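What follows is a short report on a single structure.
The values are calculated or read from the model by the stated rules, or taken from the named source; none is laboratory data. These figures come from a predicted structure and were not determined experimentally. Cβ atoms come from the backbone with ideal geometry, glycine included; neighbour counts cover every protein chain shown. For the accessible areas, the whole protein counts, side chains as well, though only heavy atoms, and no ligand, DNA or RNA atoms are used. Shrake-Rupley method; radii C 1.70, N 1.55, O 1.52, S 1.80 Å.
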Amino acid sequence: MKSNYIPVIGMEVHVELKTASKMFCDSKNGLGLEREPNVNICPVCTGQPGTLPVPNAEAIKFVQMAGLALGCELKLETKFDRKNYFYPDLPKGYQISQYDQPLCEKGKLKINPARNASLVRNASRSDASGHSDAGGGKEIGITRIHLEEDTGKLIHPKGVDYTLVDFNRAGVPLMELVTEPDIESGEEARIFCQKLQQICRYLGISDADMEKGMMRCEANISLYKKGANKLSGTKVEVKNINSFKFVEKAINYEIERQTEVLERGEKIIQETRGFDNNKGITVSQRTKESAHDYRYFPEPDIPPLKFTKEYVADLKKHLPELPEAKAKRIGREYKLPDNDVEIIISQKELADYFEEVVSELREKINCKEFEADEAKSIKLAANYIITELRKHLAEHGHGIKDMEITPENYAELICFVASGRINSSAAQTVLAQMYKTGGDPSQIIEEKNLAQVSDEGELEKIIGEIIAKNQKSVEDYKNGKENALKFLIGQVMAATKGKANPQIVQKMLVDKLK
């Protein structure tokens, strides 16, 4: 049954920036992942009396890069503010953040839920047509991106009645992005967060690993009745969401919960709720604070920041190639289907590896080391990366950087397949061995005796014997039954233990049976 209520969702996403030092001091930035508590701390990040904060220029630049990548306006004048609230893991009793003059404003990020669903369905195979609806999608407005400091972490040992505080994370540079209320489902929110993570990684400003707390997502969800004002609903914030899957689940659950409350004639309470991963539900934590509750005022220890238009132009000029631009270029340059391109550019390291492989492929083909069609070889390289290589990476929980197969050796393997020196089955065996040892493909092929038999003299004798033993199939073929030819090819392949070149076998059989 359709609901009379429409969801309105805005996201607040916090991303820890991987600068060398913390936001306002020179303590090492370990992103709160240190094995020992309270090792990367100093008087500034632990809020000792008399200390003064000094802004991290690299962190400011990282946020501005993110803003440019997301089409934001960069403020030429900005400042830091004090956000006053007390938590035990907030050492100063306030947080240095930004309020009315953030670094970046008015951006957008395009998502395409339909395209994303298609990509998931086709993640292990290519789109034979080479086309898809890449022009659709939905733009999610970005209200602001600002910079602040992270808090420490509370540790609750089991079986005791006290709490410990680890200040390693206190003062880590934290980028906060706030969207417009343009999101309408858990799926859209998940895709938005995934695309944001991808952009952060392409920019090199953060690994944005949700499981490690480097990226933390909060959703503001309200419902309005059809025909009413879009923002007429009561907003509920959901915190403690630590994976993309749970972003979608938490929002969908909250939409259902609020719908049931409203349809019973009750009112939604403005509050902060947490998501219980195990139960798949949201639970009430506290009533939601408003901006005036934080008593913002300009940070007195940090003067306002001013930037020039020339500085912004130079920053924009040095931005790296971003996912959308890379996808268009790779698709155009290598003539690959859209689905293949989307998978390849999904991770910057994977895209870089693919392009290094293509460079090695071209060199081997152009210098006549292998006789193979360049375009087909590139497509083959993409296919093997998308299917076989990613399968090995997933099985071992590895990323591209963890792998020992060099682009040169990978390109050589593809050339062996493209030139017909080994078949697909043998290639999979070689790739598995290369993944284990990082070995040279030619050596593995020789050791395992996997090279295809392409010598016509050698095949002549085997084909003659197969024809002699299968006269009925020969007659069937001559009488127009094409399946008989496939049977004969299969017999030759069996006799050679799969090592015969099937294209050469077919040609020789057809010639002999004329």
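Report the percentage of all Cα-Cα pairs in region 301-400 whose separation exceeds 21 Å, rounded to a whole percent. Result: 49 percent of Cα pairs exceed 21 Å. Extension gain, L319 to I155, is 55.1 nm, computed as 0.36 nm per intervening residue step minus the present C-alpha separation. Computed on region 401-450, the Cα convex hull volume stands at 64 Å³ per residue. Over region 238-324, the hull volume per residue, using the convex hull of the C-alpha atoms, is 222 Å³. The figure for I255 is an accessible area of roughly 30 square angstrom, using a 1.4 Å probe on the protein chains alone. The label-point distance for S243 and E139, in a model that sets each label 7 Å from Cα toward Cβ, rounds to 3.4 nm.
Largest first, the three principal axis extents of the alpha carbons in the chain are 94, 56, 56 Å in whole numbers.
Each helix, a run of at least 4 DSSP H residues, gives -39500 (n - 2.57); summed and divided by the residues of the chain, these come to -12500 deg cm²/dmol at 222 nm.
Accessible surface calculations at 1.4 Å, restricted to protein heavy atoms, place the chain at 50 Å² per residue. Our analysis of region 371-430 gives Rg over Rh at 0.97, with the two radii drawn from alpha carbon positions and Rh computed by the Kirkwood formula.
Set against the 2.2 N^0.38 Å expectation for a compact globular protein, region 167-253 has a Cα radius of gyration ratio of 1.22.
Cysteine residues of the chain whose C-beta has no other cysteine C-beta under 4.7 angstrom: C25, C42, C45, C193, C200, C217, C367, C415.
Only bridges with both residues in the chain count here: give the DSSP antiparallel percent, nearest 5. Antiparallel bridges make up about 95 percent of those DSSP assigns within the chain.
Diffusion of region 1-98 by Stokes-Einstein, at 37 °C in a medium of 0.692 mPa s and with Rh set to the Kirkwood radius over alpha-carbon pairs, works out to 201 µm²/s.
Rg then Dmax, both in Å and based on the Cα atoms of region 290-331: 19.0, 51.
Among 277-284, 357-364, sorting by the average number of other beta carbon atoms lying within 10 angstrom of each residue, highest first, gives 357-364, 277-284.
Taking 1.002 mPa s as the viscosity and 20 °C as the temperature, the Stokes-Einstein diffusion coefficient of region 372-492 based on its alpha-carbon Kirkwood radius rounds to 129 µm²/s. For chymotrypsin sites (Phe, Trp or Tyr not before Pro), the sites in region 67-111 that DSSP calls loop and that have at most 15 other Cβ atoms within 10 Å are Y85, F86. Report note on the peptides 236-247, 6-17: ranked by the mean count of other C-beta atoms within 10 Å, highest first, their order is 6-17, 236-247. Value of Rg to Rh for region 131-194, rounded to two decimals, is 1.22; Kirkwood radius and Rg both from alpha-carbon coordinates.
When a 1.4 Å probe is rolled over the protein heavy atoms, the share of accessible surface on region 248-303 that falls to carbon and sulfur comes to 48 percent. Of the peptides 219-229, 309-319, the ranking by mean beta-carbon count within 10 Å, highest at the top, reads 219-229, 309-319. At R0 = 25 Å, how high is the FRET efficiency between E404 and D209 if r is their beta carbon distance? Nearest 0.05 is fine. Once rounded, the FRET efficiency stands at 0.60. Across q = 0.13, 0.25, 0.29 Å⁻¹, region 222-279 modelled as identical point scatterers on its alpha-carbon atoms has Debye log10 I(q)/I(0) values of -0.36, -1.07, -1.25, in the order of the q list.
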